[in-house]
Amino acid sequence: MSAECTRKMLALDGEWAYKKDPEGSGKRDGLYDPACGREGWGSMEIPVNWYKTEVGDYHGVIWFAREFEAPEEGRGREWTLRFNAVDYIAEVWLNGVYLGRHEGFFAPFEFRVTEHIAEGKNTLVVRVDSPRDKTEYRLAPEQPGWERPLSEAYKSRKPVALTTIKGSCIDFWHRPGWETQFGQDGNTGGMWQGVELIGTGSLTIGEVRISPKLVERDGVVDGTALVVVDVDVYNSSGETVEAEVGLEAWGRNFESGEEIKKSKRFVLTPGANTVKLVHTVKEPVLWWCWDQGRPNLYEMRVTAATESAADERVEVFGIRELKLDEKGRWHLNGRRVFARGMRYHSSIWLGEGNEELFREDLSRMREVNINAIRIGSHVEKPEFYRLCDEMGFLLWQVFPLHWGNYADSDDVIERAAPMMGEMVRMLYNHASIVIWSVFKEPEVYQFEPRPNLYGRLCEVMYETARRVDPVRWVHKGDYGEGAENVMTGVWGERDHDFRTADDTNPQKVEYGTASLAPIETARQILEPEDQWPPNWDRWYYLNVDPNWLRLQGIDVESKSGLEELIEEAQTWSARQIKESVEYIRQRKYRPNASMFLYFWSDPWPCLGGSGLLDYYRRKYKSYDIFGMVYSPVLVSIEWLREKHLLGFEKVYAPGEAVSARVWVTNDLPREFEGASLAWCVKDGRGEVVAQASRSLSVAEDSSQVVESVEWQIPEGAEGRCRIEAELRDETGELLSSNYFEFRAAGAQESGGMK
């Protein structure tokens with residue numbers, strides 16, 4: 001008869017003593033020694049990013065210490081000390097014994113500590129180093145005529161060759177001091193996820209990797225699935241034993257009528273072992289993203305037992321499969337799907353994220369019809385990924401390497417590649433994760449020679465991810481392999497024809513633009529003397545580039561104050577985002593397969609943001625129209641001119657013809673027969689001057705032109721005009737409504753933008 005599971009867990013969160021060590025003398029001073037006096041040390045509640053405590057913005061070493069009582073029932077157990085995430089380099093001592101070192105900011109790590117646990121009081125000491133990367137910050141060349149009005153200290157500077165593997169948590173557009181010598185300000189550091197002591201018998205189950213596979217026969221899914229389970233089991237008995245390893249799974253959020261249960265006997269040698277179990281599910285209940293079906297999840301209990309020892313782990317997974325075809329189109333469970341996506345970064349101080357924040361953000365995303373999320377160059381808390389599984393989002397996870405200003409030295413590759421493996425293993429069982437990327441924008445770099453060759457670091461990172469996960473698609477890095485950034489009004493020319501940005505690449509991994517934060521936020525983060533006229537040094541530090549405003553045709557000097565400037569900037573941004581969405585979705589599968597707005601919310605209290613919400617989750621002007629253009633069924637209007645300029649007000653002269661096409665895009669796996677389309681043109685007085693209606697059938701998963709509109713503006717006409725359209729199903733229920741707004745004005749003002 002097998003023994004019963006005796007796993008116990010002691011949380012070591014709560015109050016820890018801490019001491020800053022800016023000179024790095026703590027080891028020499030014996031701060032790891034249990035007998036070291038802690039008088040004068042501070043107190044910190046763990047877990048937390050230390051930036052959010054009295055420590056504030058600090059680079060360097062902090063020592064942490066706490067005492068705990070060994071559990072009374074601890075005799076005869078095997079003990080593992082687990083840190084769920086420490087930023088960035090952790091060294092650990094237990095009762096004065098050095099346990100080891102871990103580098104990275106997001107991955108859990110463990111030490112086997114059975115022989116070091118004392119009866120009664122124990123002392124745990126952790127030395128955490130979150131250093132400032134020592135890279136050079138080099139002055140970036142400016143384009144003649146576009147020089148920024150900045151003092152010498154705040155001129156644009158970029159890191160030459162970073163070696164600290166922290167992605168967007170170290171130097172990044174959406175961070176304090178971006179593109180200046182202050183780009184590492186607001187430093188993240190510390191034990192920002194929990195610490196725990198885990199007790200087991202002589203068998204300990206470690207990682208459990210669940211690989212669901214839809215079975216194909218002659219290239220067609222046959223309706224069954226394989227569930228392949230790899231189980232790491234540590235045998236600390238010192239002897240070779242025979243153990244029974246088993247699995248049992250059931251519906252977590254649905255009623256499962258099929259028994260999923262299996263066990264098998266394995267010979268386990270002393271130390272680490274990995275065993276494999278395979279079970280055929282005859283009638284799998286599939287996981288879908290929320291707009292295509294239900295996000296059905298299974299729960300699996302994995303056990304390992306002998307007559308004297310037993311352990312178990314419970315994991316959640318979904319049976320699903322996402323493949324990309326030769327044109328980059330996404331196929332979920334054999335069905336083609338379109339990813340209406342969003343870039344997401346909860347906060348640059350990742351410890352701020354919690355279940356309440358994640359649930360609120362994800363609920364709002366569903367309300368505005370987002371079905372996919374791209375996590376670019378950082379890793380969120382486990383609660384985020386669990387909620388994405390439960391709520392049905394498709395996730396594209398990018399490893400924390402950002403921009404080509406990372407070095408690709410042998411040392412950096414040696415350190416980064418194991419972290420890639422850690423990330424994939426840590427997130428492996430999440431049904432929501434469908435794509436990995438190894439690097440965010442490795443080719444974006446201003447200086448010569450580049451410190452990063454695509455074929456060095458990216459190749460090794462790719463190979464590492466592929467070894468851990470042979471199933472999911474692994475993307476080597478933006479902007480190759482069908483991915484591109486199509487943001488406008490941020491970099492490049494003002495007169496930017498969007499048609500030239502939309503050619504053969506199906507993955508629009510970034511689109512959108514930059515804007516100014518809501519007025520309440522601007523007044524909150526700016527000192528009164530910096531608000532108006534703009535203190536450009538401070539504004540640039542807070543992520544506002546005056547050249548963005550020039551690219552958007554906004555004349556700062558002509559504005560009466562901060563409020564007027566923000567209103568115009570947000571109006572431009574909202575129009576640009578709306579028009580970007582419409583154009584990309586109109587060309588669904590020609591070539592577009594996915595689209596990700598940059599960003600959902602600003603990850604720190606910045607003045608120059610992008611997307612829909614600021615750090616405090618206050619709305620940008622674009623938020624209130626976003627759900628309309630992300631509707632799974634969308635009617636949209638494409639104006640026809642020589643150039644397709646986004647964001648700018650569209651101006652037509654009297655006598656000029658306004659020509660447009662009406663599109664219907666359907667992302668749902670169902671057709672709408674007997675639908676009805678109605679459109680009208682309203683002049684500057686709001687009067688209807690042209691209109692039509694017709695019936696049509698809307699094919700599932702499609703995008704097509706369904707109507708043409710033309711109206712010649714009469715002499716003397718002026719004011720804001722609109723083309724409005726709405727689409728209803730056969731019952732009269734509204735599926736989508738939309739508009740195209742333009743202005744009738746004098747001939748000297750026409751030409752497509754203002």
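The values are calculated or read from the model by the stated rules, or taken from the named source; none is laboratory data. All values derive from a computational prediction rather than experimental measurement. Don't worry about glycine lacking a Cβ; one is built from the backbone with ideal geometry, like all the others, and counts go over all protein chains shown.
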Look through region 3-60, keep the residues that are over 30 Å from Ala310 (Cα atoms) and among the β-branched types (Val, Ile, Thr), and return whichever of them is surrounded by the fewest Cβ atoms within 10 Å (Cβ to Cβ).
-> Thr53
Yes or no: Pro591 touching a Pro at 6+ places or on another chain (Cβ under 6 Å), farther than 22 Å from Arg494 by Cβ and surrounded by fewer than 19 Cβ atoms within 10 Å (Cβ to Cβ)?
-> yes
What number of residues in region 296-350 are farther than 30 Å from Phe172 by Cα and in contact with a His (Cβ under 9 Å, 6 or more places away or on another chain)?
-> 8
Give me the pairs, please: first residue somewhere in region 470-490 and on the phi > 0 side of the Ramachandran plot, second residue anywhere and surrounded by fewer than 20 Cβ atoms within 10 Å (Cβ to Cβ) and in a loop (DSSP other than H, G, I, E, B), beta-carbon distance under 6 Å, and either six or more positions apart or on two chains.
-> Gly482/Gly328
Does region 113-120 contain at least one residue that is part of a strand (DSSP E or B), not hydroxyl-bearing (Ser, Thr, Tyr) and not assigned by TED's automatic domain parsing to the domain that holds Gly421?
-> no
Look at Pro654 and say whether it is touching a residue at least 40 places away in the same chain (Cβ under 8 Å), touching a Leu at 6+ places or on another chain (Cβ under 9 Å) and part of a loop (DSSP other than H, G, I, E, B).
-> no
Exclusive hit being among the β-branched types (Val, Ile, Thr), within 30 Å of the chain's Cα centre (by Cα), surrounded by fewer than 19 Cβ atoms within 10 Å (Cβ to Cβ) and in a strand (DSSP E or B), set Val228, Val215, Val221 = Val228
Conditions (1) within 30 Å of His378 (Cβ to Cβ); (2) over 21 Å from the mean Cα position of the chain (by Cα); (3) touching a residue at least 40 places away in the same chain (Cβ under 8 Å); (4) assigned by TED's automatic domain parsing to the domain that holds Glu360: number failed by Arg538 = (3)
What pairs come up if the first residue lies in region 147-175 and is under 15 Å from Asn187 (Cα atoms) and in the same structural domain as Leu549 (by TED's automatic domain parsing), the second is of a type in the set (Asp, Glu) and buried (at least 24 other Cβ atoms within 10 Å of the Cβ), and their beta carbons are under 8 Å apart, counting only those six or more places apart or on different chains?
-> none
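Quick grid of which residues meet (1) at pLDDT below 95; (2) within 20 Å of His174 (Cβ to Cβ); (3) charged (D, E, K, R); (4) not assigned by TED's automatic domain parsing to the domain that holds Ala107:
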| position | (1), (2), (3), (4) |
| --- | --- |
| Glu356 | no, no, yes, yes |
| Arg364 | no, yes, yes, yes |
| Val379 | no, yes, no, yes |
| Asp389 | no, no, yes, yes |
| Gly392 | no, no, no, yes |
| Ala407 | yes, no, no, yes |
| Met420 | no, no, no, yes |
| Met423 | no, no, no, yes |
Is at least one residue of region 90-99 under 22 Å from Leu542 (Cα atoms) and outside the structural domain of Phe399 (by TED's automatic domain parsing)?
-> no
Boolean, Pro418 is on the phi < 0 side of the Ramachandran plot, surrounded by fewer than 17 Cβ atoms within 10 Å (Cβ to Cβ), touching a helix residue (DSSP H, G or I) at 6+ places or on another chain (Cβ under 8 Å) and not charged (D, E, K, R) = yes
Is it fair to say Arg77 is buried (at least 18 other Cβ atoms within 10 Å of the Cβ), out of contact with any His (no Cβ under 9 Å at 6 or more places or on another chain), closer than 16 Å to Asp13 by Cβ and not assigned by TED's automatic domain parsing to the domain that holds Leu401?
-> no
Working only within region 262-312, note down all residues that are without any contact (Cβ under 8 Å) to a residue 40 or more places away in the chain, in a loop (DSSP other than H, G, I, E, B) and over 30 Å from Gly392 (Cα atoms).
-> Thr269, Pro270
In region 355-447, which strands (runs of 3 or more DSSP E) lie fully inside it and hold 1 or more residues that are in contact with a His (Cβ under 7 Å, 6 or more places away or on another chain) and of a type in the set (Ser, Thr, Tyr)?
-> 433-437
Applying the selection to region 721-748, what residues are at pLDDT below 95 and exposed (fewer than 15 other Cβ atoms within 10 Å of the Cβ)?
-> Gly746, Ala747, Gln748
Could you pull out the residue among Ile165, Ile198 that is touching a Leu at 6+ places or on another chain (Cβ under 9 Å) and outside any strand (DSSP E or B)?
-> Ile165
On the given criteria, is Ser708 polar (S, T, N, Q), part of a strand (DSSP E or B), under 28 Å from Pro591 (Cα atoms) and modelled with pLDDT of 95 or more?
-> yes
Looking only at residues in region 456-491 that are among the small types (Gly, Ala, Ser) and surrounded by 17 or more Cβ atoms within 10 Å (Cβ to Cβ), which one is nearest to Glu568 (Cα to Cα)?
-> Gly489
Evaluate region 302-321: report whether one residue or more is touching a Leu at 6+ places or on another chain (Cβ under 6 Å) and of a type in the set (S, T, N, Q).
-> no
When only residues in region 131-147 that are in a loop (DSSP other than H, G, I, E, B) and of a type in the set (Lys, Arg) count, which is surrounded by the fewest Cβ atoms within 10 Å (Cβ to Cβ)?
-> Lys134
Residues that are outside any strand (DSSP E or B), more than 30 Å from Phe338 (Cβ to Cβ) and in contact (Cβ under 8 Å) with a residue 40 or more places away in the chain, drawn from region 668-693 | Asp683, Gly684
In region 231-243, anything surrounded by 15 or more Cβ atoms within 10 Å (Cβ to Cβ), of a type outside the set (Gly, Ala, Ser) and either over 36 Å from the mean Cα position of the chain (by Cα) or closer than 30 Å to Lys323 by Cβ (or both) is listed as Val231, Asp232, Asn235, Val241
Residues of region 281-306 being of a type in the set (Asp, Glu), under 27 Å from the mean Cα position of the chain (by Cα) and under 18 Å from Glu255 (Cβ atoms), which ones?
-> Glu299
Out of the residues in region 264-276 that are touching a Ser or Thr at 6+ places or on another chain (Cβ under 8 Å) and surrounded by 14 or more Cβ atoms within 10 Å (Cβ to Cβ), state the one that is nearest to Phe111 (Cα to Cα).
-> Pro270
Out of the residues in region 711-744 that are among the aliphatic types (A, V, I, L, M) and not in a strand (DSSP E or B), which is nearest to Asn666 (Cα to Cα)?
-> Ile713
